[in-house]
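The values are calculated or read from the model by the stated rules, or taken from the named source; none is laboratory data. Just so you know, these numbers come straight off a predicted model, no measurement behind them. Heads up, the Cβs are rebuilt from the backbone with ideal geometry, glycines too, and the neighbour counts pull from every protein chain shown. Just the protein is used for accessible areas: all its heavy atoms, side chains included, with ligands, DNA and RNA removed. Shrake-Rupley method; radii C 1.70, N 1.55, O 1.52, S 1.80 Å.
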Amino acid sequence: MSHPERGTIAETVAMIRRGELTASALVEQSLARIAALEPQIQAWALVDADGARQAAVATDHLAQRGAVLPLHGIPVGVKDIIDVAGLPTQAGFAPRAHHVAQHDAAIVARLRALGAILLGKTHTTQFAFADPAPTRNPWHLEHTPGGSSSGSAAAVAARMIPLAIGTQTAGSVLRPAAYCGVVGFKPTYNWFPLAGTLPLAWSLDHLGLFARSVRDITLAYAAICEQRVDATGREVAPSLVVLTDFLDRTEPAARQHFLATVDQLRAAGAHVREQRLPIDLDLILDVHHVIMLTEMAAAHWQQLNAFPDAYGPRLRAAVETGQLVPASLALHARRLRGEITRQLNDLAQTADALVLPTVSGPAPGLETTGDRSFQAVWSLTGMPSISLPSGLSPDGLPLGLQLVGQRACDRRLLHVAAWCEQVLPELPTPPIVAASLAVDG
């Protein structure tokens, strides 16, 4: 049997169009990979094997009539704060264990319309905050996959699925993407409706995508948005601005790796200059934190009063703190946010992309989901950002390169990312996954 999980989404859909592969076969391959690796990785809150098989049969009937869709037969996982009709949306919260969604979230309905097969719900930290999910990092089971989109990143890294949906309020798409060695893309704020997605902080929440290549991300993004986006990348080398503020917060080995990666891009022709942020980074992070806490408090205070013992300690403390923030401080943070966004977006207009490490270092242990300060700035401003695997740490854990673009210039950022991806080394398959693939032949 062929192994489409080793190719791109476009190649897989082309195989279906030529009659060399079926959606049913793809679903069975994904279910087999899950059966082999899920006991160790724990990426899934729920696998809907029966529903996926039924959807695959219907999708195969379409293909037999010559109707092949942009994501035809592609197995997809969605973070378990996103509604899928007929399945529970648990959000890592015990009182929601039997809360069955009546309707698909907007993003789920769109994926179905594109021919994707919804395989199930991937684990999230509780309500997409910071209390760790049970998911393990496919590169090393004693390290975090990051959060809050823990299961989405891990499932893609483990070759269980080629595409997954997550959300980001601070760093919940890019950080797990970097820790798990996959591509994570957070488009411009409000790029697609959040209807049917449980909120954490309304003005910060973004939908995001996980895949194993920029080409796959670009194909999925373009299909979802009904846009034409060239996935081959730029022919002309991009101009890049390295944000040096973040290097002060990067662990020594990771900083050395990042600088070596930038040198690779420069040697390939990229025009690189260094610059500091026009606003103090600590102030930016404080503004994000105040807005996030107050919006979390607004979303959760009633439920916290009803189920105090069901809340994880980090989320409970954040909601309780958010209730104590004075209205004057919350309003001041929002005023500052406007100025921060204006200045950083102006900076992004001076180059094709801003560049910084995605994470401060490789994935830490299971007691945390990692440092969100490298990603939260772009959640605050709503600017598009993408993480590319850039190599491995001395301990053999993935590291990531983060690119940031102007608001509403997502396609331009994807072109830059495709160019950079061609320069960067391809990561090996995670050892635990490689062993499973070897068994499958």
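Would you confirm whether any residue within segment 44-51 is closer than 28 Å to residue 204 by Cα and either more than 21 Å from the chain's Cα centre (by Cα) or buried (at least 20 other Cβ atoms within 10 Å of the Cβ) (or both)? Yes, because at least one residue in segment 44-51 is closer than 28 Å to residue 204 by Cα and either more than 21 Å from the chain's Cα centre (by Cα) or buried (at least 20 other Cβ atoms within 10 Å of the Cβ) (or both).
When you check residue 154 against the structure, is it open to solvent by less than 10 Å² (accessible area, probe 1.4 Å) and farther than 23 Å from residue 198 by Cβ, yes or no? In short, no. Considering only residues that are within 30 Å of residue 258 (Cα to Cα) and of a type outside the set (A, V, I, L, M), look in segment 425-441 and name the one that is most open to solvent (accessible area, probe 1.4 Å). Checking each candidate, the answer is 426. Mind listing just one residue for me: the one in segment 223-267 that is out of contact with any Leu (no Cβ under 6 Å at 6 or more places or on another chain) and basic (Lys, Arg) and, of those, surrounded by the fewest Cβ atoms within 10 Å (Cβ to Cβ)? Selected residue: 228. Filtering segment 157-190 to residues that are surrounded by fewer than 24 Cβ atoms within 10 Å (Cβ to Cβ) and hydroxyl-bearing (Ser, Thr, Tyr) leaves 188, 189.
Scanning for something small (Gly, Ala, Ser) and more than 27 Å from residue 205 (Cα to Cα), does segment 246-259 turn up at least one residue?
Here is the first cut: in segment 246-259, the residues small (Gly, Ala, Ser) are 253-254.
Within this subset, residues satisfying the condition of being more than 27 Å from residue 205 (Cα to Cα) are 253-254.
For segment 246-259, residues small (Gly, Ala, Ser) and more than 27 Å from residue 205 (Cα to Cα): present.
Would you check if residue 316 is touching a residue at least 24 places away in the same chain (Cβ under 8 Å) and not small (Gly, Ala, Ser)? So residue 316 does not fit the description; no. Tallying residues that are closer than 29 Å to residue 205 by Cβ and open to solvent by 40 Å² or more (accessible area, probe 1.4 Å) within segment 52-84 yields 2.
Would you check if residue 330 is open to solvent by less than 50 Å² (accessible area, probe 1.4 Å), assigned to a loop (DSSP other than H, G, I, E, B) and either touching a Phe, Trp or Tyr at 6+ places or on another chain (Cβ under 6 Å) or farther than 25 Å from residue 147 by Cα (or both)? Give the derivation first.
Working: open to solvent by less than 50 Å² (accessible area, probe 1.4 Å): yes; assigned to a loop (DSSP other than H, G, I, E, B): no; either touching a Phe, Trp or Tyr at 6+ places or on another chain (Cβ under 6 Å) or farther than 25 Å from residue 147 by Cα (or both): yes.
Answer is no for this residue.
Under the condition of being open to solvent by 70 Å² or more (accessible area, probe 1.4 Å) and either assigned to a helix (DSSP H, G or I) or of a type in the set (A, V, I, L, M) (or both), the residues counted in segment 301-326 number 9.
Only one of the numbered conditions (1) surrounded by fewer than 24 Cβ atoms within 10 Å (Cβ to Cβ); (2) charged (D, E, K, R); (3) more than 24 Å from residue 144 (Cβ to Cβ) is violated by residue 352, and that is (1). Looking for something more than 25 Å from residue 217 (Cα to Cα) and either polar (S, T, N, Q) or not in a helix (DSSP H, G or I) (or both) - is there at least one such residue anywhere in segment 337-346? Checked segment 337-346: at least one residue is more than 25 Å from residue 217 (Cα to Cα) and either polar (S, T, N, Q) or not in a helix (DSSP H, G or I) (or both).
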